[in-house]
1. Counting Lys +1, Arg +1, Asp -1, Glu -1, what net charge surrounds Lys17 among other residues with beta carbon under 14 Å of its beta carbon?
2. How much net charge surrounds Leu96 when only other residues with a Cβ under 13 Å from its Cβ are counted (Lys, Arg +1; Asp, Glu -1)?
3. Run the simple label-point estimate for Lys17 and Thr104 please: 7 Å along Cα→C-beta, distance reported in nm.
4. Give me the aspartates and glutamates in straight-line cross-link reach of Lys19: C-alpha distance below 19 Å, same-chain residues under 8 apart excluded.
5. Under 13 Å from the Cβ of Trp112, count the other residues' Cβ atoms, weight Lys and Arg +1, Asp and Glu -1, and hand me the total.
6. Work out, in µm²/s and without decimals, the Stokes-Einstein translational diffusion coefficient of the chain at 20 °C, 1.002 mPa s, Rh from Kirkwood over C-alpha pairs.
Amino acid sequence: MKLYSILLFQKSTVGQKPKLLKDVYDLKDFSFFQRGSVKEFMNFTGRLLVERAGTPYRTSINEQEYFIHCYVRQDNLTGVCITDGEYEARVAFTMLSKVMEDFTNTIHPSQWVCFFLLNVFCFYLFIL
């Protein structure tokens, strides 16, 4: 059982892209030169799935050798995890539910916009 990625998005209104609030990746099984592409694939696939999902929504999708589990809550907080084929969907959704609950308890929903802007700002500072 392998968990490659956990992504938290805020699902936006129609016509807007979901905002990535937090992401975690475990890419040690991939070569150094593949990690950037794999991370981009996971981020893109997760964002695309969140854009097309309704509210509330749960689904599991098989993409190549990966399974993508998506859970959209009523408050539009969305958890996506990318796993291998051995990771059970029930376990993935329980874990996503717990992660989103912990995130909401730590960061109030009114601060999600500020949290997103802070992440973008820190990213630009890192690039400079």
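1. On the way: positive: Lys11, Lys19, Arg47, Arg52; negative: Glu51.
Result for the local shell: +3.
2. Net of charged neighbours comes to +2.
3. 2.6 nm
4. Partners found: Glu40, Glu51, Asp75, Glu101, Asp102.
5. Details: positive: Lys11, Lys19, Lys22, Arg73; negative: Asp75.
So the surrounding residues net to +3.
6. It comes out at roughly 142 µm²/s.
FYI, it's all coordinate maths here, none of it is from the lab. Note that the coordinates shown come from a computational prediction; the quantities given were computed from them, not determined experimentally. Here Cβ is always computed from backbone atoms with ideal geometry, including for glycine, and neighbour counts include all displayed protein chains.
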